[in-house]
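Reviewing the structure listed below.
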Amino acid sequence: MGRKTEITNLLANLPRLGAGLAYREPFRDELLQKQSEVDFVEIIGDHYLDAPPERMDELVLLGEHFTLIPHFTNLSLGSAEEIDPVYVEKITSLIKRLSPPWWSEHIGYTRAGGMTLGHPAPLPFTKESVDVMTRNIVTVRRAIATPLILENICSPLLWPGAELAEPAFISEVLTSGGCGLLLDVTNLLTHATNLGGSPEDFLAELPLDRVVQVHFSGGHETNGRLVESHAQPVSEAVWKLLDAVVARAPVRCICLERDDNFPPLPEVLWQVERARAIGRQHRRWN
Amino acid sequence: MELALQQKLVARLATDREFREKFFADPAGVAASEGLTVAAESFAQIHPEQVRQLARVLRRRRLAVVGIHLPLTRKALGERFADLFRNYAVSPPPGKQPFEDALGFAAFLEQHAAEKGLDPQWAPSIARYEAAELEATWLRRRLLVRCFPHAIKQLAALLTAGEVPPGSYQRSTTAVWWRTAASSRLKHWLG
């Protein structure tokens, strides 16, 4: 099967979800009352592994009201060490339980030498890294049939000895792993700008036909550098980039992330509504 | 194997302040001592400021997660929560799960308060109370009892309402968490 056919099949089977929110505990009480304003909820899957019963009750409750998309951070698909089989078993079980249309992880690594970083670190843009990612993705896909999409990360560190440009590296990983792209537009803007490049140029080099989901969030500027803190309202630069992506990519959903400095939920939901309108404007959903 | 060693080195550089400074004093030498062969020389080209920025990014993410796990402590300490976290997060996060970092930070706060003091004086009690709740929840304790020298119930209510009350709030408090079985729901009593 050719690459184009494979992508077409992948996307054709995925539902158009609309605009949603990444679930965080401070939103818990208000979110259920605002069900009609959120088309889906993304959960951090790691927070429900080995979770106590009361935590799983929360997941059941969310699942009764929303389509849930699990997003993971600690699978560490970029780890050159062997992928953790126990962790794979646990996420397989959670994904089976949720039965989501797709699930997501990052292009990076969080485990190395017995350390768990808690947030993805960058990979060297080399053929060896592509091979490592591919090997680990194949292992995971043997256990989990649900489509996997991978997120671009934002990192100030560039490893020495790159063999590929970053967009080409991302493209290679997605192609060889048979994955969709979770495009984080705030990561893209922050990353490209801080490295002295153009977000638009970076975007132009990405395989936009593989975009399934988009993340967006607010950040701030410190000492002339952008910081994707997920702690502020979304900037106009991010809105502009989001619009450009939705205009060009077959986006199935857009998800707002807010991780800190939590305002009342209505202050977050107007941003979800604006994202929903962008999707409508570009006919990604009704 | 070389990539695994490189990843381990970058992970240590991004999370261990002491190791980071040692590395930048002699990048090629430290890379070689960590077992790198082919890449030892190229690692000498890593930009120190980029590594420090990566360390800040990872620390900021840890701070956000720990803040969600210790919400009352964060309110009690205000901006000092982040300042103190910076002093705590000079080494890799303990354990594999997010709550373990919060437990580590709560223990750090208690030690800091004992050695250097912490204002408000009841803040370490709030941190210890939240840490006990995390322990009872995530480690699925069947029975956990903690005593505090401060009025936890009253302080928790005020902090939840957005107030950081002045005053000492000295009053003995006992907190109990229990489950009838490991698979049953957690119960809590505070008096």
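The values are calculated or read from the model by the stated rules, or taken from the named source; none is laboratory data. Being a predicted model, the structure only gives us computed values, none of them experimental. Note: ideal-geometry Cβ built from the backbone for every residue, glycine included; neighbour counts use all protein chains shown.
Within region B:1-30, can you find the residues that are without any contact (Cβ under 8 Å) to a residue 60 or more places away in the chain, of a type outside the set (A, V, I, L, M, F, W, C) and more than 8 Å from chain A (Cβ to nearest Cβ)? Within region B:1-30, B:Glu2, B:Arg20, B:Glu21, B:Lys22, B:Asp26, B:Pro27, B:Gly29 meet the criteria.
Does A:Leu75 satisfy being more than 27 Å from A:Glu273 (Cβ to Cβ), among the hydrophobic types (A, V, I, L, M, F, W, C) and modelled with pLDDT under 95? Don't jump to the end; show me each part of the working.
On the way: more than 27 Å from A:Glu273 (Cβ to Cβ): yes; among the hydrophobic types (A, V, I, L, M, F, W, C): yes; modelled with pLDDT under 95: no.
For A:Leu75, the condition - more than 27 Å from A:Glu273 (Cβ to Cβ), among the hydrophobic types (A, V, I, L, M, F, W, C) and modelled with pLDDT under 95 - is not met.
The residue list A:Arg141, A:Arg111 contains one member that is more than 11 Å from chain B (Cβ to nearest Cβ) and either of a type in the set (Lys, Arg) or surrounded by 22 or more Cβ atoms within 10 Å (Cβ to Cβ) (or both), which is A:Arg141. Taking the condition over 29 Å from B:Val51 (Cα atoms) and either outside the structural domain of A:Val245 (by TED's automatic domain parsing) or modelled with pLDDT of 95 or more (or both), does A:Leu183 pass? Criteria not met by A:Leu183.
Would region A:221-234 turn up any residue that is under 16 Å from A:Phe40 (Cα atoms) and not assigned by TED's automatic domain parsing to the domain that holds A:Pro100? Checking region A:221-234: not a single residue is under 16 Å from A:Phe40 (Cα atoms) and not assigned by TED's automatic domain parsing to the domain that holds A:Pro100.
In region A:191-235, the residue that is surrounded by the most Cβ atoms within 10 Å (Cβ to Cβ) out of those that are among the acidic types (Asp, Glu) and not in a helix (DSSP H, G or I) is A:Glu228.
Give the number of residues within region A:236-265 that are part of a helix (DSSP H, G or I) and touching a residue at least 12 places away in the same chain (Cβ under 8 Å).
Count: 12.
Across region A:248-261, a minimum of one residue is classified as modelled with pLDDT under 95 and more than 19 Å from the chain's Cα centre (by Cα). So, A:Pro85, is that one away from every other protein chain (no Cβ under 14 Å) and either under 30 Å from A:Phe169 (Cβ atoms) or in contact with a helix residue (DSSP H, G or I) (Cβ under 6 Å, 6 or more places away or on another chain) (or both) or not? For A:Pro85, the condition - away from every other protein chain (no Cβ under 14 Å) and either under 30 Å from A:Phe169 (Cβ atoms) or in contact with a helix residue (DSSP H, G or I) (Cβ under 6 Å, 6 or more places away or on another chain) (or both) - is met.
All of A:Glu82, A:Glu64, A:Glu54, A:Glu30 fail the test of being out of contact with any Lys or Arg (no Cβ under 8 Å at 6 or more places or on another chain), closer than 26 Å to B:Leu63 by Cα and outside the structural domain of A:Val268 (by TED's automatic domain parsing), apart from A:Glu30. From the list A:Leu182, A:Leu148, A:Leu117, the lone residue that is within 14 Å of another protein chain (Cβ to nearest Cβ), under 23 Å from A:Pro70 (Cβ atoms), within 20 Å of the chain's Cα centre (by Cα) and surrounded by 16 or more Cβ atoms within 10 Å (Cβ to Cβ) is A:Leu117.
Evaluate region B:115-134: report whether one residue or more is basic (Lys, Arg) and over 23 Å from the mean Cα position of the chain (by Cα). The answer is no; no qualifying residue exists. Among residues that are without any contact (Cβ under 8 Å) to a residue 40 or more places away in the chain and either touching a Phe, Trp or Tyr at 6+ places or on another chain (Cβ under 9 Å) or farther than 23 Å from A:Ser235 by Cβ (or both), A:Gly197 is not included.
Note on region B:85-106: residues that are among the small types (Gly, Ala, Ser) and more than 8 Å from the chain's Cα centre (by Cα) amount to 2. Of all residues in region B:175-189, exactly one satisfies the criterion of being assigned to a strand (DSSP E or B) and free of Cβ contacts under 8 Å to residues at least 12 places away in the same chain, namely B:Lys187. Scanning region A:61-77 for residues that are farther than 30 Å from B:Ala11 by Cα, within 22 Å of the chain's Cα centre (by Cα) and not in a loop (DSSP other than H, G, I, E, B) yields A:Leu62, A:Gly63, A:His65, A:Leu68. Here A:Asp131 meets each of (1) in a helix (DSSP H, G or I); (2) in contact with a helix residue (DSSP H, G or I) (Cβ under 7 Å, 6 or more places away or on another chain); (3) surrounded by fewer than 22 Cβ atoms within 10 Å (Cβ to Cβ) with one exception, condition (2).
Of all the criteria given as (1) more than 14 Å from chain B (Cβ to nearest Cβ); (2) in contact (Cβ under 8 Å) with a residue 12 or more places away in the chain, the one not satisfied by A:Leu77 is (1).
For B:Arg141, indicate whether it is at pLDDT below 95, in contact with a helix residue (DSSP H, G or I) (Cβ under 7 Å, 6 or more places away or on another chain) and charged (D, E, K, R). Talk me through it step by step, then tell me what you get.
On the way: at pLDDT below 95: yes; in contact with a helix residue (DSSP H, G or I) (Cβ under 7 Å, 6 or more places away or on another chain): yes; charged (D, E, K, R): yes.
In short, yes.
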